[in-house]
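Peer 1: Please read through the structure below; I'll follow up with questions.
The values are calculated or read from the model by the stated rules, or taken from the named source; none is laboratory data. Not measured: the values here are computed from a predicted model. Cβ sites come from the backbone with ideal geometry, for glycine too, and all protein chains shown count toward neighbours. Heads up: the accessible areas ignore ligands, DNA and RNA and are worked out on the full protein's heavy atoms, side chains in. Shrake-Rupley method; radii C 1.70, N 1.55, O 1.52, S 1.80 Å.
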Amino acid sequence: LAFALLLVFTSHSRTLAFVCSSPINAMINERYSRCHTKPLPASSSASCSEPSHHLNVRVYDNVFSSEACDIIHELAIDHQYRATTSDGSSIFYRPPEEGVKFTPLELAIDSALTALNDTSRVVEYWSREEYLNIDAHADVDEGALEDEGQIRCPTFGHVLYLQVDENVRGPTLVFDKMGGWRRGESKNSGGGINTEMATVPCVPGRVLRFDGRAMHAVPKPFDRYLLTDKEEKILREKEADELYDDDDDREDELYDDYDEIDDVYDQYIDDGDELRSVLLFNTWSDGPPPRFVDADYASGALPLGIEIDTADDDDENNSAANICDEDTSMVVGRGDNGYMYGDTEMLCNSVHEWENVTINTVVPSSDGTSCDGKDGTSMNVNLMGNKQRRCYPTRRATMHLPLPAQTFKDAIGDASQPSWFVMISDDKL
């Protein structure tokens, strides 16, 4: 519902000027052919408790120019209005099927995946432009989960950061929990359960790539996991009131100390929306595409369940692209200088211009804080969905971080530097 309201209240939308011609593989391959023999280097990390390094997280800066990010931001807003799913997602195939052409938004995604040597056939994508709290979850085929109870995850997940308010600290958090919180656990030397967590700040032009099974989150505020259960409950009540425009003072029924509620509210709830624009895309290399997700009709693709009778004498229905013919703003073509939207090229920067960003591991200092669970900070990770979806008995997983709270806040609140943490499950200490 929050996402739906975001769509309703978006004030500005920009009409697509063209849909890029297909095929485009020759041009992209020519541009990146020299890169395919030189894989991008991996990010580095270390840890006081020796992380397993099996959490596949990569961070690249300068993937798209600032001009391209601005255009992609506008195109993503346009796409939200055309998408037929409740979360605003669509899919496209690589290469496009007959009669279908990449939209400029899909072209941008495809160029980045080509540079990453990702040959996945199916790409699922959606966007958000407002800073919202997103609890920890794994992306799954929602149709397979609903119909068969099957947890089926994409191959890789990606976040392209487009625009962000200067005062917003809304990092993406990626956990080594694969498909659910009880999966992907590794024992530490003391017999406890380690959980690795990478935090990646929003930097326009940056791309985050991670294992598609990994649980991930966007806490708002960024240090939300330091809240107690009582403070978290207060905050969720206030968020619900704002979301549903509920004037009832339901918090009076929960707590007698109204001043305490106001203190938490004033600290963690902001006035107005905060800009955090991202384009998210998953690749599916195995099996069918996620169920009930349509292609963007602007590409000429037909909606799910629609077929066209291509009789020889029926010129009106001889192509899937005819479904968009009446929209004269959907002009097929390419610019003189390549694949352009106005004066802006829609391909990502050459991979030689990308900057591989090191993920710094935050370790206990010499202040006596240890990794054995006796010192440090208690954290509560909020989990999305029912028990089947989150694979955990409760909605909050209590973890122990062997660091002072302020050290954690300083690191996760950094405007650009990704960090790596190792936490320990409290019930395993």
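Peer 1: Could we say that residue 388 is at pLDDT below 90 and outside any loop (DSSP other than H, G, I, E, B) here? Step through it out loud before you land on a result.
Peer 2: Working: at pLDDT below 90: yes; outside any loop (DSSP other than H, G, I, E, B): yes.
Yes, satisfied.
Peer 1: Could you grab me the full set of residues in the range 396-427 that are in contact with a Leu (Cβ under 9 Å, 6 or more places away or on another chain) and among the small types (Gly, Ala, Ser)?
Peer 2: Across the range 396-427, the qualifying residues are 397, 405, 411.
Peer 1: OK, next. For residue 194, work out the one condition from (1) open to solvent by 20 Å² or more (accessible area, probe 1.4 Å); (2) modelled with pLDDT under 90 it doesn't fulfil.
Peer 2: (1)
Peer 1: A further question on this structure: Kindly establish whether residue 148 is within 30 Å of residue 221 (Cα to Cα), acidic (Asp, Glu) and open to solvent by 10 Å² or more (accessible area, probe 1.4 Å).
Peer 2: Working: within 30 Å of residue 221 (Cα to Cα): no; acidic (Asp, Glu): yes; open to solvent by 10 Å² or more (accessible area, probe 1.4 Å): yes.
Spelling it out, it is not the case that residue 148 is within 30 Å of residue 221 (Cα to Cα), acidic (Asp, Glu) and open to solvent by 10 Å² or more (accessible area, probe 1.4 Å).
Peer 1: I've got another one for you. I'm checking my understanding of the structure. Among residues of the range 205-229 that are part of a helix (DSSP H, G or I) and at pLDDT 95 or above, which one is most open to solvent (accessible area, probe 1.4 Å)?
Peer 2: My answer is 226.
Peer 1: Only one residue in 176, 141 is open to solvent by less than 30 Å² (accessible area, probe 1.4 Å), under 16 Å from residue 280 (Cα atoms) and in contact (Cβ under 8 Å) with a residue 60 or more places away in the chain. Which one? Steps first, answer last, please.
Peer 2: Working: 176 fails: under 16 Å from residue 280 (Cα atoms).
Result of the check over 176, 141: 141.
Peer 1: Output the residue which, of all residues in the range 376-422 that are among the aliphatic types (A, V, I, L, M) and surrounded by fewer than 19 Cβ atoms within 10 Å (Cβ to Cβ), is nearest to the chain's Cα centre (by Cα). So that I can check it myself, show each step before the final result.
Peer 2: Taking the range 376-422 first, the residues among the aliphatic types (A, V, I, L, M) are 379, 381, 383-384, 397, 399, 401, 403, 405, 411-412, 415, 422.
From what's left, surrounded by fewer than 19 Cβ atoms within 10 Å (Cβ to Cβ): 384, 405, 415.
Values: 384: 14, 405: 26, 415: 18 Å.
Here the answer is 384.
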